[in-house]
1. Determine the pairs where a residue that is within 17 Å of B:L124 (Cβ to Cβ), located within segment B:36-50, has a partner that is small (G, A, S) and in a loop (DSSP other than H, G, I, E, B) with Cβ atoms under 7 Å apart, the partner being 6 or more residues away or on another chain.
2. Which ones in segment C:17-53 are surrounded by fewer than 22 Cβ atoms within 10 Å (Cβ to Cβ), of a type in the set (A, V, I, L, M) and more than 22 Å from B:A77 (Cα to Cα)?
3. Could you check segment A:1-16 and list, in sequence order, the residues that are farther than 16 Å from A:A87 by Cα and either surrounded by fewer than 17 Cβ atoms within 10 Å (Cβ to Cβ) or within 18 Å of the chain's Cα centre (by Cα) (or both)?
4. List pairs: first residue in segment B:58-73 and within 17 Å of B:A8 (Cα to Cα), second residue in a helix (DSSP H, G or I) and of a type in the set (A, V, I, L, M) anywhere in the structure, Cβ distance under 7 angstrom, at least six positions apart or on different chains.
5. Count, please, the residues in segment C:7-23 that happen to be of a type in the set (F, W, Y) and either in contact (Cβ under 8 Å) with a residue 24 or more places away in the chain or within 14 Å of chain B (Cβ to nearest Cβ) (or both).
6. Taking segment A:79-125 as the search range and keeping residues that are assigned to a loop (DSSP other than H, G, I, E, B) and within 11 Å of chain B (Cβ to nearest Cβ), which one is nearest to B:T47 (Cα to Cα)?
7. Across segment C:63-93, what is the number of residues that are of a type in the set (A, V, I, L, M) and surrounded by fewer than 20 Cβ atoms within 10 Å (Cβ to Cβ)?
8. State all residues of segment A:102-125 that are charged (D, E, K, R) and at pLDDT 95 or above; if no residue qualifies, say none.
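The values are calculated or read from the model by the stated rules, or taken from the named source; none is laboratory data. Keep in mind the model is a prediction, meaning the values are calculated, not measured. We place every Cβ from the backbone using ideal geometry, glycine too, and count neighbours over all the protein chains shown.
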Amino acid sequence: MYEVYVAARFEAAHRLTGDFGSAARMHGHTYGLEVILRGQSLKDDGTLFDIGELKDAVDGLAASLHYRDLDEVPGLAEINTTAENVASFCWERLAPRLRDRGLGSLTVRIWENPQVYAAREDALD
Amino acid sequence: MYEVYVAARFEAAHRLTGDFGSAARMHGHTYGLEVILRGQSLKDDGTLFDIGELKDAVDGLAASLHYRDLDEVPGLAEINTTAENVASFCWERLAPRLRDRGLGSLTVRIWENPQVYAAREDALD
Amino acid sequence: MYEVYVAARFEAAHRLTGDFGSAARMHGHTYGLEVILRGQSLKDDGTLFDIGELKDAVDGLAASLHYRDLDEVPGLAEINTTAENVASFCWERLAPRLRDRGLGSLTVRIWENPQVYAAREDALD
């Protein structure tokens with residue numbers, strides 16, 4: 001089994017709704033966005049997936065969230081912007097262009113800081 | 001599948017018993033403690049598990065090992081304080097409060113330094 | 001399930017063959033080499049596998065690639081030196097000495113820089 005991984009960052013504000021203590025106050029993070037693709041075999045050119053193409057997709061997604069209030073982003077404004085939900089949001093944004101490309105699964109990790117992340121991993125088919 | 005991750009650190013001394021060369025001498029590490037919870041679905045508040053609660057548990061465990069000789073800690077004093085056994089010790093300390101909470105598995109990684117870790121991963125049920 | 005992990009680095013040149021934009025030009029990376037062994041149970045001495053022995057093997061492999069043009073290394077000269085292929089090359093170099101040692105799987109990650117890696121994971125049996 002092979003993996004390729006690409007990382008990006010974005011700086012964004014958010015606040016949680018519910019019993020989350022200080023996280024219910026407006027605050028922000030330098031978010032880390034990590035994306036992993038998995039598949040069983042390499043193509044003839046020795047790649048699982050063109051890392052340059054993946055990097056462009058991940059950088060574009062990060063740019064779309066950079067210097068934003070996540071609670072105002074369509075798709076996140078309706079839900080609690082926990083790291084889990086932000087990871088799931090990013091998963092859904094990336095998955096469509098990755099289907100039917102011979103890949104097995106996609107993982108998206110959202111780091112709120114170097115000590116905390118949440119991730120979503122699911123099959124791409 | 002979702003994950004949440006929390007990291008902490010502690011500084012401790014230890015020595016290995018057996019044919020481990022210089023690791024059989026009393027020495028120490030700035031240990032890294034990484035904890036990952038996995039589960040299939042999020043709760044209504046958008047969390048797999050409250051990261052704040054997990055962080056409190058992990059920080060408390062790290063504090064209990066900080067500035068200790070691991071070979072004198074009950075539960076470790078009886079066994080070889082390899083990174084694998086320290087990871088397993090931490091796994092057993094954390095697991096009881098995490099059972100019956102809708103989680104699938106728990107991973108604990110113990111870093112002896114930025115180039116070496118050992119981990120234990122097992123189902124929580 | 002247990003894991004042990006060791007990391008090393010090497011500095012090497014390479015170029016890709018094919019439609020890879022600037023990566024088709026001769027360039028280089030400070031490569032990160034990460035190796036993970038997995039198995040179901042620990043030995044009586046509290047180890048899955050002697051990390052010192054694993055470190056020696058990984059450091060030796062890294063040294064054999066340090067300050068080299070990967071496209072001239074036997075086993076890589078015949079193929080495209082994508083991160084996936086370099087990971088697979090390293091996997092094949094490490095696996096023989098790790099078989100029949102009670103291990104389940106071996107993962108090798110090759111980082112081209114802190115934002116990009118490719119990995120191969122396969123069973124050791």
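1. B:R38/B:G104; B:G39/B:G102; B:G39/B:G104; B:Q40/B:G104
2. Taking segment C:17-53 and keeping what is surrounded by fewer than 22 Cβ atoms within 10 Å (Cβ to Cβ), we get C:17-30, C:32, C:34, C:36, C:38-46, C:50, C:52-53.
From the residues that got through so far, the ones that are of a type in the set (A, V, I, L, M) too are C:23-24, C:26, C:36, C:42.
Within segment C:17-53, C:A23, C:A24, C:M26, C:I36 meet the criteria.
3. Just the residues of segment A:1-16 that are farther than 16 Å from A:A87 by Cα, to begin with: A:1-4.
Within segment A:1-16, A:M1, A:E3, A:V4 meet the criteria.
4. Taking only residues 6 or more apart or on different chains, the pairs are B:L61/B:L94; B:L70/B:V86.
5. The first filter runs over segment C:7-23 and keeps only residues of a type in the set (F, W, Y), leaving C:10, C:20.
Imposing the further condition that a residue be either in contact (Cβ under 8 Å) with a residue 24 or more places away in the chain or within 14 Å of chain B (Cβ to nearest Cβ) (or both) reduces the set to C:10.
Looking only at that region, the number is 1.
6. Going through segment A:79-125, the residues assigned to a loop (DSSP other than H, G, I, E, B) turn out to be A:79-82, A:99-104, A:114-115, A:124-125.
Now drop any that are not within 11 Å of chain B (Cβ to nearest Cβ), which leaves A:79-82, A:114-115.
Values: A:I79: 11, A:N80: 9, A:T81: 9, A:T82: 6, A:P114: 19, A:Q115: 17 Å.
Restricting to residues being assigned to a loop (DSSP other than H, G, I, E, B) and within 11 Å of chain B (Cβ to nearest Cβ), the top hit is A:T82.
7. Of the residues in segment C:63-93, the ones of a type in the set (A, V, I, L, M) are C:63, C:65, C:70, C:73, C:76-77, C:79, C:83, C:86-87.
If we keep only those that are surrounded by fewer than 20 Cβ atoms within 10 Å (Cβ to Cβ) too, we end up with C:63, C:73, C:77, C:79.
Of the residues in that region, 4 qualify.
8. Start the filter on segment A:102-125 by keeping residues that are charged (D, E, K, R), which leaves A:109, A:112, A:120-122, A:125.
If the condition is that a residue be charged (D, E, K, R) and at pLDDT 95 or above, then A:R109, A:E112, A:R120, A:E121, A:D122 are the ones that fit.
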